[in-house]
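Visitor: Below you will find the structure I want to go over with you.
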Amino acid sequence: MLRSLVGSEMCIRDRLSGVDLDGLDRDELEHRFSVLLRNYQTERKENEKLAKWLKQLRDEMRSSHKATQEHKRLQEAHLAQAEALKKLGVENKHLLRCKATMKDQE
């Protein structure tokens, strides 16, 4: 897209470099102006579309990054919870053995 715009700009410069604008009549100048204006408006609309698309892409990337960070945080919390549960299981076994020992001693 950018290459085509640069190419068309070069083409316009080449055309205008050999043209004597003073030698053109009013109708030809108005026609050229309207063509240039139409081309400018078309390119402007395309530029606005691209800017909107780029903004949307940036927003989606930001959202994706946040989701990735949240996923990582949740994974860490899950691992911490699993470790705490494992410790509680070990403590529970120890307490059950202590209870059984106390019962046997009675």
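Visitor: Six or more apart or on different chains, Cβ under 6 Å: which pairs go from a residue in region 46-70 that's touching a residue at least 12 places away in the same chain (Cβ under 8 Å) to one that's surrounded by 10 or more Cβ atoms within 10 Å (Cβ to Cβ)? Could you list them?
Guide: none
Visitor: For Lys55, indicate whether it is in a helix (DSSP H, G or I), at pLDDT 95 or above and not small (Gly, Ala, Ser). Write out each step before concluding.
Guide: Values: in a helix (DSSP H, G or I): yes; at pLDDT 95 or above: yes; not small (Gly, Ala, Ser): yes.
The answer is yes for Lys55.
The values are calculated or read from the model by the stated rules, or taken from the named source; none is laboratory data. Everything numeric in this text was worked out from a predicted model, so none of it was measured. Cβ coordinates were reconstructed from backbone atoms using ideal geometry, including for glycine residues, and neighbour counts include every protein chain displayed.
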